[in-house]
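Below you'll find the structure, written out as structure tokens, and then a few comments.
The values are calculated or read from the model by the stated rules, or taken from the named source; none is laboratory data. Just so it is clear, the model here is predicted, and its values are computed rather than measured. Virtual Cβ from ideal backbone geometry, glycine too; neighbours counted across all protein chains shown.
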Amino acid sequence: MIRAKERIDTRRALRYGVCKRRNTMQTKRCSHCRKVKPLDAFPTSDWKADRSARKGDGRRSQCYRCRDQRRKEIMSEWPEDKRLQASRKQQTFSRAWDKAHPHNVRSRQANQQARRRGATGRVSEDEVRLAWERTSGLCWICGRTASEVDHFRPINKTAGGENTASNIRPVCHFCNHKRDHQWRGEGYAMKEAEILKTLRDLADEHSRVTVHADVGQGG
């Protein structure tokens, strides 16, 4: 016969076990729209600020889209001067937050690009950070400072690439816009990278020569 204390301990163990399994889940159901979404689609939550953080996922119960929609509904009832003041405050906060979290911005841009082009997969902020750490924040083509996320195999319908952690690499703006976004194999992509690196070196050398020539004429 099971004692009352043993039953309580069993219930606690089961409850803690469920919580432990929840920690390993990568998806969550929004309490408003009832859709199952990745954890990245939910705002982070302080342990004391939101009860859902105690469940082990550290995320709020509503997704970003539902939260923003609710905020717009509330702000629509405000006077116009109050709405303008809140909008300016939000823009200032967003710019400061984006500046402090560049990898989050890059992951959002990569995911938006993938959705527009109908590509599968999703990259997180941590996956982008690891990609930056692998190359020390340098462009994988020319070796300059990287500023954007590049899909090694392009994610357009013709190339058939996926928006996954294994397919993203740091790249500079120059190389990203000079790349051929058609897929002809990994060997072709590496040869193309060598050509682009040479073009970037020649472009930088031309810029230095032009600057020196202008300085000499000015003197």
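Output the residues belonging to segment 56-77 that are basic (Lys, Arg) and modelled with pLDDT of 90 or more. Don't jump to the end; show me each part of the working.
Looking only at segment 56-77, we keep the residues that are basic (Lys, Arg), and these are 59-60, 65, 67, 70-72.
Of everything in segment 56-77, those that are basic (Lys, Arg) and modelled with pLDDT of 90 or more turn out to be 65, 67, 70.
Where residues in segment 129-152 are of a type in the set (A, V, I, L, M, F, W, C) and crowded, with 20+ Cβ neighbours inside 10 Å, which of them is nearest to residue 193 (Cα to Cα)?
Among those that are of a type in the set (A, V, I, L, M, F, W, C) and crowded, with 20+ Cβ neighbours inside 10 Å, it is 141.
Mind listing whichever residues of segment 163-177 are buried (at least 16 other Cβ atoms within 10 Å of the Cβ) and either β-branched (Val, Ile, Thr) or closer than 20 Å to residue 190 by Cβ (or both)?
Matches in segment 163-177: 164, 167, 168, 169, 170, 171, 172, 174, 175, 176.
Could you check residue 155 against (1) in contact with a strand residue (DSSP E or B) (Cβ under 6 Å, 6 or more places away or on another chain); (2) crowded, with 16+ Cβ neighbours inside 10 Å and say which number it fails?
Going through the list (1) in contact with a strand residue (DSSP E or B) (Cβ under 6 Å, 6 or more places away or on another chain); (2) crowded, with 16+ Cβ neighbours inside 10 Å, residue 155 breaks only (1).
Test of understanding: among 96, 110, which residue is within 30 Å of residue 192 (Cβ to Cβ) and either modelled with pLDDT of 90 or more or touching a strand residue (DSSP E or B) at 6+ places or on another chain (Cβ under 8 Å) (or both)?
Details: 96 fails: within 30 Å of residue 192 (Cβ to Cβ).
Residue meeting the stated conditions: 110.
Would you mind finding the one in 162, 205, 125, 194 that is more than 20 Å from the chain's Cα centre (by Cα) and at pLDDT 90 or above?
194
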